[in-house]
Amino acid sequence: MQTKAFATQSPTTPFGPHSIERRAPGPEDVAIEILYCGVCHSDLHTARGEWHGVQYPCVPGHEIVGKVTAVGAKVTRFKPGQLVGVGCMVDSCRTCPSCREGLEQYCEGPVGFTGTYNGPVGGGENTYGGYSAAITVDQHFVLAITHAEKDLAAVAPLLCAGITTWSPLKHWGAGPGKKVGIVGIGGLGHMGIKLSHALGAKTVGFTTSPDKVAEIKRLGADEVVISKDEKQMAAQAGSFDLIVNTVAVPHNLDAYVSLLKRDGTMVLVGAPASPHPSPAVFNLVFRRRAIAGSLIGGIPETQEMLDFCAKHNIVSDVEIIRMQDIENAYARMLKSDVKYRFSIDMASLKA
Ligand code: NAP
Ligand code: ZN
Ligand code: ZN
């Protein structure tokens, strides 16, 4: 099925209309009309060739929501007309220990998981993401959406920004009695604030943007720290159980490690194109502090997060854009000028 999409042909080519082939649904497949797709900073890293191994043409987009148009004979959980989502993965080996645990993002199979765009992480055929009119996905990687249809544009970012913050918050036990910091209040960070607050943790936002302070409190933060202000940073020393760092550029991690309690952990989810400066060892050893990483989230935990958000009326704060405005959206994202996620209305692509 020829499908309308927006693609970039090289790291320096602007996005433009492109046609891609989507497979007709096989027995295990769900065919989806894409209604909205969120714009993740990973889309930008990939389209601009900042990460290793990008294949072109590149059609990014892994915060996909839409309606089922057809299902294969073996599909029982979905039916035409149903609201569904697709996140960062469309396949994995299904048999390795990580896949069996529902942690498909850590698939240990020969090529790892298959990204919704830019193909298998271990190399192989390219895949095309959500900057397109439709997608066909194996039912295992399709999520059920129970939010109201009117909220759909704002649900899209849960499929990456939501799960990428939910997974470490849950894994490292964010909840009542815990103090959690979220660093960088963009797409991921604003979801981190909402989810940490909803899980019952004392939540502190760290931002470089003084104009965001009041809004970050409205999102659910108990306190907001301007990370460039050394006095404000020093006042938080040694007090955090967990810090989730979403910043997309290399920076000094020591400033945040110093804010952890004994046995506290800072989880890096931001994925800059080049490494952070090496952290100071003494800062870690004296309080048995840890720096960890976390990648998106597995399919069962993504469904758990979507259901939690539907129950607690949590969606993303979005600015809806046309597909044709993507270059401008990227330029604004690089200036931290997005409140707090762009969501593309795919009707603009079909027009
Ligand atoms: P985003 O919307 O651009 O947000 C990043 C935020 O970082 C900005 O809004 C800004 O917040 C802060 N920031 C920007 N420049 C900074 C600087 N020079 N120093 C300190 N802070 C700065 O990006 P996103 O979509 O949330 O993605 C963030 C990162 O996570 C990207 O690298 C992305 O690829 C990565 N990611 C990783 C995973 C994973 O599985 N680990 C999944 C999705 C995305 P303030 O204005 O509040 O400072
Ligand atoms: Zn993403
Ligand atoms: Zn696997």
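For the range 106-127, taking the residues that are in contact with a helix residue (DSSP H, G or I) (Cβ under 8 Å, 6 or more places away or on another chain) and in contact (Cβ under 8 Å) with a residue 24 or more places away in the chain, the one that is farthest from Gln55 (Cα to Cα) is identified as Tyr106. Just name the residue that is nearest to ligand 1 (Cβ to nearest atom) out of those in the range 205-236 that are part of a strand (DSSP E or B) and under 17 Å from Tyr340 (Cβ atoms). Restricting to residues being part of a strand (DSSP E or B) and under 17 Å from Tyr340 (Cβ atoms), the top hit is Thr207. For the range 69-84, the condition of being touching a residue at least 12 places away in the same chain (Cβ under 8 Å), in contact with a Leu (Cβ under 8 Å, 6 or more places away or on another chain) and either away from ligand 1 (no atom under 16 Å from the Cβ) or open to solvent by less than 20 Å² (accessible area, probe 1.4 Å) (or both) holds for at least one residue. Taken as a whole, the structure places Lys194 among residues that are surrounded by 17 or more Cβ atoms within 10 Å (Cβ to Cβ), more than 16 Å from ligand 2 (Cβ to nearest atom) and among the charged types (D, E, K, R).
Within the range 332-351, the set of residues being surrounded by fewer than 24 Cβ atoms within 10 Å (Cβ to Cβ) and more than 16 Å from ligand 1 (Cβ to nearest atom) comprises Asp345, Ala347, Ser348, Leu349, Lys350, Ala351. If you go through the range 253-261 one residue at a time, do you hit one that is outside any strand (DSSP E or B), more than 16 Å from ligand 2 (Cβ to nearest atom) and touching an Asp or Glu at 6+ places or on another chain (Cβ under 9 Å)? Scanning the range 253-261 turns up at least one residue that is outside any strand (DSSP E or B), more than 16 Å from ligand 2 (Cβ to nearest atom) and touching an Asp or Glu at 6+ places or on another chain (Cβ under 9 Å).
When the residues of the range 119-164 are filtered to those that are of a type in the set (A, V, I, L, M, F, W, C) and part of a strand (DSSP E or B), the one that is surrounded by the fewest Cβ atoms within 10 Å (Cβ to Cβ) is Ala144. Out of everything in the range 1-15 that is under 14 Å from Tyr330 (Cβ atoms) and not hydrophobic (A, V, I, L, M, F, W, C), what residue ends up being surrounded by the most Cβ atoms within 10 Å (Cβ to Cβ)? Taking the candidates together, the pick is Thr8. Of all residues in the range 276-302, those that are under 25 Å from Met89 (Cα atoms) and either modelled with pLDDT under 95 or not in a helix (DSSP H, G or I) (or both) total 7. No other residue among Gly200, Gly264 is part of a strand (DSSP E or B), over 30 Å from Gly61 (Cα atoms) and either among the small types (Gly, Ala, Ser) or touching a Ser or Thr at 6+ places or on another chain (Cβ under 6 Å) (or both) apart from Gly264.
Among the residues of this structure, Gly184 counts as one that is within 16 Å of ligand 2 (Cβ to nearest atom), out of contact with any helix residue (DSSP H, G or I) (no Cβ under 7 Å at 6 or more places or on another chain) and in contact (Cβ under 8 Å) with a residue 60 or more places away in the chain. For the range 237-244, state whether one or more residues are within 16 Å of ligand 2 (Cβ to nearest atom), under 18 Å from the mean Cα position of the chain (by Cα) and part of a helix (DSSP H, G or I). No, the range 237-244 has no match at all.
Considering only residues in the range 54-67 that are touching a residue at least 60 places away in the same chain (Cβ under 8 Å) and touching a Gly at 6+ places or on another chain (Cβ under 7 Å), the one that is surrounded by the most Cβ atoms within 10 Å (Cβ to Cβ) turns out to be Glu63. Only one of the numbered conditions (1) surrounded by fewer than 16 Cβ atoms within 10 Å (Cβ to Cβ); (2) away from ligand 2 (no atom under 16 Å from the Cβ); (3) within 20 Å of the chain's Cα centre (by Cα) is violated by Trp51, and that is (2).
Per this entry, Asn245 is counted among residues that are open to solvent by less than 60 Å² (accessible area, probe 1.4 Å), polar (S, T, N, Q) and modelled with pLDDT of 95 or more.
The values are calculated or read from the model by the stated rules, or taken from the named source; none is laboratory data. Since the model is a prediction, treat every value here as computed from it, not as a measurement. FYI the Cβ positions are ideal-geometry reconstructions off the backbone, even for glycines, and counts take in every protein chain you see. The area values use the complete protein model at the heavy-atom level, side chains included, leaving out ligands, DNA and RNA. Shrake-Rupley method; radii C 1.70, N 1.55, O 1.52, S 1.80 Å.
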